[in-house]
Amino acid sequence: MRLDKMLSHLGYGSRKEVKTILKKHELLVNGQRVKDGKVSIETAQDQVFLDGEPLVYEAFVYYMLHKPKGVISATEDIRDRTVIDLIVPEDYRQGLFPVGRLDKDTTGLLLLTNDGALAHDLLSPKKKVPKRYLALVDGIVTAEDQALFAEGFKIDGEEWVKPSLLEILAIDEVNNRSEIALTIVEGKFHQVKRMMKTVGKTVLELHRESMGGLTLDMELKRGDYRKLTAVEVEILQGKAK
C-alpha cells in the first residue's frame, strides 16, 4: 500500500493534507526518514513511526459505542452532533459509519465500523440478526400483546413485522407504566415505537441492550466507546454468515 494512502486511511486527511504532513513531520519507515507519499509499505511487516508514535494499519476497525441521547446515527450533519463526532481523531478511520440507526433520543449499543460487507450482512432482514431493546412504556403491557408480538402483525395498519419476543419486566399500575424487553430481527424505521403504538402504548425511554450476540459493555458510560475484542468480532461474523 502507498504510504499516503495508508496515512489517509488512518485518518490523517486527504492525500494533499498527507503530503503536507510528510514535509513538516518526521515519518520513519524501518528507521529511515521518508517524505515521498508514493513509497510502498508492507503494512504487515514494515515499522512506521510518525513523530515517534507507531502507526499500525488495520484494514477494518470495529467499535462498540454506548450511544447517548441527543446524538444522531449518521456520519455527518449540519445541525446535530453525530456518533462519528464522538470518535477521537486518532481512532477515526476513513469510511467509518454506524451499523444501522438508533433514534436521536434512544440510547445503547451501536456498532461503528468501516467493514461494509459485515454491516450489510448484519442489517440484512434475511439474516434475522436479533436486537434486544429495553423500554419504559406508557400503558400496561398484557399477555395478549405478547401473543400478538409472537405471531407478527401489521404496524400502522399496513406494514408487516416479523414475530418478536416481548417480555414484561415490571408493571406499575399506579402510574400506568410498564418496563419491557423486546427482541426483534428487523430494523424498520422507528420499529419499536411503532409496534408499541399499534397496541396502544407509548415508548417513553428506549435503550438497545444487544445486537447479534454482542451485548453492551456495562463499563461504558454514555458517549464512551471501545474496540471490539477478537472474540466479539468473531461473534458478529458468525451471526452474519
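Here are the numbers:
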| read-out | value |
| --- | --- |
| Cα-projected label distance for S40 with E76, points at 7 Å along beta-carbon direction, nm | 3.3 |
| Cα-centre dipole for region 131-241 with unit charges at Cβ (Lys and Arg positive, Asp and Glu negative), debye to 20 | 480 |
| Apportionment of accessible area to carbon and sulfur, region 58-151, percent (1.4 Å) | 52 |
| Under Karplus coefficients 6.51, -1.76 and 1.60, residue-wise ³J(HN,Hα) of region 211-227 in Hz, glycine/proline x | 7, x, x, 9, 9, 4, 5, 5, 7, 7, 7, 4, x, 8, 8, 8, 6 |
| Rounded to the nearest 20 debye, dipole of region 11-138 from Cβ charges on Lys, Arg, Asp, Glu | 360 |
| Order by protection proxy (mean Cβ within 10 Å, highest first), peptides 67-80, 41-54 | 67-80, 41-54 |
| Stretch gain in nm, segment E159-A117, where the contour uses 0.36 nm per residue and the Cα spacing is subtracted | 12.4 nm |
| 5 angstrom amide H check on V61, placed H, neighbours 5+ away | N114, D115 |
| Estimated translational D of region 184-240 in µm²/s (Stokes, Kirkwood radius over Cα pairs; 37 °C; 0.692 mPa s) | 239 |
| Test item: Cα-centred dipole of the chain, Lys/Arg +1 and Asp/Glu -1 on Cβ, debye | 840 |
| 3J(HN,Hα) from dihedral phi, region 189-198, Karplus parametrisation 6.51/-1.76/1.60, rounded to Hz, x for glycine, proline | 4, 6, 4, 4, 5, 6, 5, 5, 4, 4 |
| In nm, spacing of pseudo-spin labels at E173 and S124 (7 Å Cα→C-beta vector) | 4.8 |
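The values are calculated or read from the model by the stated rules, or taken from the named source; none is laboratory data. Model, not experiment: these values are computed from the prediction. Note that we place each Cβ from the backbone using ideal geometry, even for glycine, and neighbour counts take in every protein chain shown. Just so you know, the surface numbers come from the protein's heavy atoms only, side chains and all, with ligands and any DNA or RNA stripped out. Shrake-Rupley method; radii C 1.70, N 1.55, O 1.52, S 1.80 Å.
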